[in-house]
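See structure below.
The values are calculated or read from the model by the stated rules, or taken from the named source; none is laboratory data. Every value quoted in this text rests on a predicted model; they were computed, and no experiment measured them. Note that each Cβ is placed from the backbone with ideal geometry, even for glycine, and that neighbours are counted across all protein chains shown.
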Amino acid sequence: MNPSLAGAAANRRQFLGLLGLGATAMAGAGLLAGCSRPAGTSGTATNVDAISAVLPKYQPVELVTPDIAGVRPIADGYLKYPAELVKAVTETPGNSDEPISAMTPWWGPTPPGRDRNAYLQAVNEQLGVPVDFSVQDGNTYADKLSATLGARDVPDLLCAPNWEIDKIPRFSDAVSTLFEDLTDHLAGDAASAYPHLASFTTGAWQYAVWGGRLAAVPWPTDNPFPYALFYRKDLTDAAGAQAPANIEELYEFGKALTDPGRNVWAFGSVFNMVQMFYGVPGSQGGWRQTDGGGLEFKYETEEYRAALEFTTKLFAEGLVHPDIAESRGSADAKQLFNSGRTLCYEDGVGAWRGMYSEQRQITPTFDMRPVPIFSATGDGDPIAWGEEKPIFYTFVKKGLGKERTEEILRVLNWCAAPFGSQEYHLRQYGVAGQHHTVSADGSPEVTELGRQEMADQYTFLVGRYPAIVQTADVPGFVEKLLAYSNETVKYLEPNPWAGIKLEFPANYSRVGQPTEDKILDVLRGRRPTSDLEQIVSEWRSGGGDEGRDFFAKALEDNGR
């Protein structure tokens, strides 16, 4: 988390790196106040392929022909901003004048409210109804989300990241209690009243079903990869070093470029990417089927042990920045990378554009690139973790009535207008001369006022038909991103549970984060690698084996 929203500048994309939390984020156990479940609850598995009757009829919308086609689910690329924009919504969505309350996350400074925010005022004028945003700190959004659900005091529109709700026990109970059933509004041909929502893929809508009913509006992903291994090409070129192409070169890269005397270390956090290089399974956080028909988790595999031993060696030999090595988490990995104190680290693919744009304003030569994925052993193809689940879901408060719900859906349809439309342009860039200027190549450049007032408020409410657009602040970015993504998607790991909505057993959810903390101690040298066997045993007895039975039954029940 991990997509790129075409054209946003500087800190408007800080949140996107967090979209790459993937298995690491999902390993933790979220507790929902007032909706907790007892230890041992077995979880649920729903085959979403069986609910086609409640899904919107797919109606693609394309206003501009792409310059570079993405290999699905990768978004298409556009190398220039269109000179002429289409008005995609001809009627004003709102007519009640009653403010719509909304809660969204943001990984940056909190913007002013609508009374002091020209951007919100401009968009609300087009909507015909004001949207009142409660913008919450993305770093603590899980706590706010749990508290809001637990208090049963939800806004009219609630944005929920997939990596947070996957950790909330019995979230489906909260859905049926607190949020509107959207099936009759959007199923089948009914979605034609909201054509931009109908342009979302059927696969995205499948995941928005709870209890056999359509319960949310999804934000479709445009890039399925949770991580990439980024390196500072500007600095490595100056040092005469190349991007590593195999595991031995990655180690030598670390040895050659680490220089504590100059306050430079080769690596920040890299363990998730090292796992991919070694072929560690990543489906549903780390499961795969064995040749004998059973299931094994990543902790139990030889590939994971090899990845752990390799990464532990990087720490032991001082090739990882000490702030990373001494922390319980990953310290401020972005700042270390941006300042050149580390030359290589992992992050969500979505972090790339924002960091590139922001840092080029500080250091014009700044250049970050992803290391092409490779197989550590050299045998067979590499493995890329990833999934096509929506990034966010937007829920509508239950009990607002038919007219109010339809008004809100019209607002969401406006917000979902695709690239090439006037609506997209206003939502992404605000008012010309205030929130953005136009660069020599015709692309918008966000101003300081835009950075202060825009926190992707309307973007978080709903997705749109994916597009990656070239802008002046990130020269060559679209070509680089599409080249990397279109190559990496070839190695996307098959997911045996694709199309099955899973709500994990309580014990399995709860054992995840404590186990990851123990693994972290091994990586940092606080525990020997020989402790892995004990850690795995504790994981199995604490809920891991319960998870194995759950995932196996989900496959069996769905004929796989």
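List of remarks:
- Given (1) surrounded by fewer than 21 Cβ atoms within 10 Å (Cβ to Cβ); (2) modelled with pLDDT under 95, number of the condition GLU309 does not satisfy: (2)
- Residue selected from region 285-306 under the condition among the hydroxyl-bearing types (Ser, Thr, Tyr) and within 20 Å of VAL270 (Cβ to Cβ), by the criterion surrounded by the most Cβ atoms within 10 Å (Cβ to Cβ): TYR304
- Among (1) basic (Lys, Arg); (2) touching a helix residue (DSSP H, G or I) at 6+ places or on another chain (Cβ under 7 Å); (3) at pLDDT below 90, the one test that ARG72 misses: (2)
- Residue in region 192-210 that is assigned to a helix (DSSP H, G or I), among the β-branched types (Val, Ile, Thr) and surrounded by fewer than 24 Cβ atoms within 10 Å (Cβ to Cβ) present: yes
- When GLU403, GLU388 are screened for being at pLDDT 95 or above and surrounded by fewer than 23 Cβ atoms within 10 Å (Cβ to Cβ), only GLU403 passes.
- Within region 299-346, the only residue that satisfies the criterion of being in a helix (DSSP H, G or I), touching a Lys or Arg at 6+ places or on another chain (Cβ under 8 Å) and under 21 Å from TRP385 (Cα atoms) is TYR304.
- Residue within region 62-69 that is under 28 Å from the mean Cα position of the chain (by Cα), β-branched (Val, Ile, Thr) and either modelled with pLDDT under 90 or under 22 Å from GLY499 (Cα atoms) (or both) present: no
- Of the residues making up region 119-157, those that are assigned to a helix (DSSP H, G or I), touching a helix residue (DSSP H, G or I) at 6+ places or on another chain (Cβ under 7 Å) and farther than 23 Å from ALA88 by Cβ are GLY138, TYR141, ALA142, LEU145, LEU149.
- Yes/no for ALA160 being in a helix (DSSP H, G or I), among the aliphatic types (A, V, I, L, M) and crowded, with 18+ Cβ neighbours inside 10 Å: no
- Pair list, Cβ under 8 Å, 6 or more apart: region 146-172 residue under 22 Å from ARG510 (Cα atoms), other residue of a type in the set (D, E, K, R) and part of a loop (DSSP other than H, G, I, E, B): ASN162/LYS389; PRO169/ARG37; ARG170/ARG37
- For first residues located in region 318-344 and at pLDDT 90 or above, partners that are basic (Lys, Arg) and assigned to a loop (DSSP other than H, G, I, E, B) and lie 6+ apart or on another chain with Cβ distances below 7 Å form the pairs HIS321/ARG341; ALA325/ARG524.
- Filter result (at pLDDT below 95 and part of a loop (DSSP other than H, G, I, E, B)) within region 391-400: ILE391
- Qualifying positions in region 177-191 - assigned to a helix (DSSP H, G or I) and of a type outside the set (Val, Ile, Thr): LEU178, ASP184, HIS185, LEU186, ASP189, ALA190, ALA191
- For region 420-437, a residue qualifies if it is more than 23 Å from the chain's Cα centre (by Cα), crowded, with 20+ Cβ neighbours inside 10 Å and not hydrophobic (A, V, I, L, M, F, W, C), and the qualifying residues are GLY420, SER421, GLU423, GLY430, HIS435, HIS436.
- Residue in region 482-498 that is surrounded by fewer than 22 Cβ atoms within 10 Å (Cβ to Cβ), more than 30 Å from ALA245 (Cα to Cα) and either out of contact with any helix residue (DSSP H, G or I) (no Cβ under 9 Å at 6 or more places or on another chain) or not hydroxyl-bearing (Ser, Thr, Tyr) (or both) present: yes
- If you check ALA440, ALA417, ALA455 for being among the aliphatic types (A, V, I, L, M), surrounded by fewer than 24 Cβ atoms within 10 Å (Cβ to Cβ) and either part of a loop (DSSP other than H, G, I, E, B) or not assigned by TED's automatic domain parsing to the domain that holds ASN95 (or both), only one passes: ALA440.
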